[in-house]
Every structure is written in C-alpha cells, then in structure tokens.
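Worksheet: the structure to be examined is printed underneath.
The values are calculated or read from the model by the stated rules, or taken from the named source; none is laboratory data. Quantities reported herein were computed from a predicted structural model and do not represent experimental measurements. Don't worry about glycine lacking a Cβ; one is built from the backbone with ideal geometry, like all the others, and counts go over all protein chains shown. Side chains are part of the model used for accessible areas, which takes the heavy atoms of the whole protein and leaves out ligands, DNA and RNA. Shrake-Rupley method; radii C 1.70, N 1.55, O 1.52, S 1.80 Å.
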Amino acid sequence: NTETHKEIYSKLKATNADVIVTQDFIFKDAIKYLNSDKVHKVYGVPVIGHKEKLNDKESIIRKKEMHVCFSSMSYDNAKGFDNYLSVVQYFKKYTEMYNIVFHAIGIYQNIPSRLSEKIICHKVMNPSDLSYFYQSEIDVIISPNKKRSGLGPSDGFPLGSEAMVCGCIPIMCDL
C-alpha cells in the first residue's frame, strides 16, 4: 500500500537514520522517499531486533573477559566452523593469559576433544534470546565463511550484522 510506505518512510526520514535494505525492489522504493545517501543495500537478511542497550553497570561488570563467538543456524561446511576451530586452536594456549572465552551458537559436529573444553556450545536461540545474548555476553563475532563457487556471496553476513547491531565487533571474511 503506497500510503503505508509513505507513512513509514516519513517516520524514518524524520529520524535522520541510515536504512539498510537487502533487496533491490525495496532499495528502489526507499530512495523515492529518503535521501539516497541514507539508504544502503547490503547482502543478507538480519532477522532480530535491537533491544534496549544494557545499562553501564552490566556492561562494566562483564568486561573482565573477551567473549568471542561463532554463530550459525545450520551445519554447513561453507559457513567456516572449521576455520573458527583453527582460531580457537591458535589461541588455545593464550585463553587464560588474555581471558578469552570462545562460544559457538547453533548446530555443530565434530569438535575435536582437544578443543571441546575451550568452547562453550549453545543451542540455536530464538531471535529475542539471541539478541540479548549478543548484547550481554559477546564482544566479537567471527564469521569465517568459505566462498561458494557459482552460488554468489557467502552467507555469514546476516548473523554478523545482527551481532554488530547488538554491539559486537564483527570479524568477517570469505576464504
């Protein structure tokens, strides 16, 4: 409905916020109503909303450790979990010295026993719980995707962008 679009875009324009869209048709529609420098088309599909920021006291208390995370809602070799395991292996001997805590969210297989004690595994979370977890626990999200020949860009962006919106530092690549 065109009137609804105008109303939504009018409210967005009033905030002077940048808008991220993931589809060409939405981008074309958005630039009709918003300044084109405020509309950004990116690959991926963020699905969770940003909750209120944790209060400063909660954030300060948790900063004794650096929490690093890999997140995937499915087990797919191209998502790069084996690359994440390589990062954990590399830093294994430094985790206590640098207070690094590694997390894995999602469905994972074949975690070598030498690393299983260094990774806190979490089941797939609903969007609200995932958003809260990113905000309250995670400092850095690593998304080391592998290129998929002929299938377009790698797909680590959605969860990485959600974590970033929640205050995490994203480290993304397509190996």
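Figures for the structure shown
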read-out: Enumeration of residues in region 1-25 that are open to solvent by less than 60 Å² (accessible area, probe 1.4 Å), within 24 Å of Gly160 (Cβ to Cβ) and modelled with pLDDT of 75 or more; value: Leu12, Ala17, Val19
read-out: Options Phe102, Phe157, Phe81: the member that is modelled with pLDDT under 75 and touching a strand residue (DSSP E or B) at 6+ places or on another chain (Cβ under 8 Å); value: Phe157
read-out: Filtered residues of region 81-109 (kept if outside any helix (DSSP H, G or I) and either under 20 Å from the mean Cα position of the chain (by Cα) or farther than 13 Å from Glu65 by Cβ (or both)); value: Ile100, Val101, Phe102, His103, Ala104, Ile105, Gly106, Ile107, Tyr108, Gln109
read-out: Given (1) assigned to a loop (DSSP other than H, G, I, E, B); (2) loosely packed, with under 12 Cβ neighbours inside 10 Å; (3) at pLDDT 85 or above, number of the condition Met125 does not satisfy; value: (2)
read-out: In region 84-99, residue modelled with the lowest pLDDT [restricted to those that are under 18 Å from Arg114 (Cβ atoms) and of a type in the set (S, T, N, Q)]; value: Thr95
read-out: Hey, Val42 more than 20 Å from Val124 (Cβ to Cβ) and at pLDDT below 80 or not; value: yes
read-out: Residue list for region 45-71, restricted to those being modelled with pLDDT of 55 or more and either on the phi > 0 side of the Ramachandran plot or open to solvent by less than 40 Å² (accessible area, probe 1.4 Å) (or both); value: His67, Val68, Cys69, Phe70, Ser71
